[in-house]
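Input: a single structure, listed below in structure tokens.
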Amino acid sequence: MLTVLTQLVADVDGAWAAAIGGLDGLLVEGHGVSGVSLDLLVAEHAGLMRAVSDAYSMVGGGAARELYIRGESLSVFVQPINAEFFVLLALDGRANLGQARLYARAAAAQLAGEL
Amino acid sequence: MAPRLDSLRELPGVSAAALLGTDGLPLAAVGEGAELLAAELASLRGSLDRLGRRLGVGEVSRLALTTPTLEVVALAQGEYTLGAALARGVDTSAARQHLAALMEDVLKQLPASADPVSAVPAASDRAGTNSAEGGLL
């Protein structure tokens with residue numbers, strides 16, 4: 001799993017961390033090139049994913065397929081792996097979102113067999 | 001509204017085409033692998049623009065690459081890049097002419113900035129400090 005995350009960070013321009021998280025908020029595995037707490041990122045974004053899933057269930061939008069949040073100094077792309085786990089990719093302000101979507105999706109498909 | 005790229009698919013050998021902004025997301029795309037083409041063209045353009053800037057020769061306006069099975073041709077103007085993937089060995093001149101004509105339409109139809117958020121300075125920019133947010137490719 002760590003190899004997949006390491007490759008993901010290497011392949012996406014502007015990515016500085018990747019993690020596998022559970023929707024319960026716990027970090028399963030992580031790889032990062034900075035000191036930011038992946039535990040905290042996973043915990044907070046698991047909560048956001050749960051909120052998004054609840055909201056979309058309510059409006060008939062189905063399960064969340066991806067979630068992207070762009071902050072002034074931090075952006076995060078979240079790609080669900082299955083009903084319980086997701087890949088989180090932390091990006092800087094000039095990241096290549098096209099690469100993030102494609103390669104996070106590929107990583108999730110790869111990880112689905114292990115989780 | 002982004003222009004449609006269907007006409008590019010009618011050219012001989014074209015397998016995919018994409019119009020993209022700086023973030024690598026396709027604004028318009030046709031053909032299998034167009035999303036990948038968009039993502040990687042944005043990455044290439046970023047690297048090439050840095051090269052041009054460091055060499056002091058300006059920004060890249062055209063790029064072309066060839067693999068054993070594929071040719072990729074692309075035009076870059078402002079924040080937009082328009083590219084097409086063709087089978088190797090096909091004459092790319094028709095595709096290049098078509099890309100140039102389409103790019104003119106793009107520049108008329110789309111805003112100067114591909115990223116609506118980048119028009120708004122980041123808080124750190126407003127405070128006069130460095131930010132990774134505001135720059136182009």
**Request:** Taking the Cβ of B:Ala42 as the centre, find all other residues whose Cβ is under 9 Å away and add up their charges (Lys, Arg: +1; Asp, Glu: -1).
**Result:** -2
**Whole-number percent relative contact order across the range A:2-112, with pairs defined as alpha carbons under 8 Å at least 6 apart** = 30 percent
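Starting with the highest mean, order A:95-103, B:18-26 by the number of other Cβ atoms within 10 Å, averaged over the residues of each peptide.
Values: A:95-103: 24.7, B:18-26: 26.2.
Packing order, densest peptide first, comes out as B:18-26, A:95-103.
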**Inter-centroid distance (Cα atoms) of the range A:61-110 relative to the range A:1-38, Å** = 11 Å
**Message:** Taking 8 Å as the Cα distance limit and 6 or more residues as the minimum spacing, I'd like the relative contact order of the range B:6-111 as a percentage.
**Reply:** 26 percent
**Message:** Only counting other Cβ atoms within 10 Å, I'd like B:Leu107, A:Leu5 sorted with the fewest neighbours first.
**Reply:** B:Leu107, A:Leu5
**Positive-pole candidate from A:Val42, B:Leu63, A:Ser73, dipole of the protein assembly as shown, charges at beta carbon** = B:Leu63
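Classify the range A:14-115 as rounded, prolate or oblate, taking a ≥ b ≥ c as the square roots of the eigenvalues of its Cα gyration tensor: rounded when a/c is under 1.5, otherwise prolate if a/b is larger than b/c and oblate if not. Please list the in-between numbers first.
On the way: a/c = 1.42, a/b = 1.30, b/c = 1.09.
Rounded, since a/c falls under 1.5.
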**Item:** For the protein assembly as shown, size of Cβ-based charge dipole, Lys and Arg +1, Asp and Glu -1, in debye
**Value:** 540 debye
**Prompt:** Counting only other chains, what is the mean number of Cβ atoms within 10 angstrom of the Cβ of each residue in peptide A:96-105?
**Reply:** 6
**Asked** How many Cβ atoms of partner chains, on average, are near each residue of A:63-70 if near means within 10 Å of its Cβ?
**Response** 1
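Taken together, the values in this text are just the output of simple stated rules run on the coordinates, not laboratory data. Keep in mind the model is a prediction, meaning the values are calculated, not measured. A quick note on method: Cβ atoms are made from the backbone with ideal geometry, for glycine too, and the neighbour counts reach across all protein chains shown.
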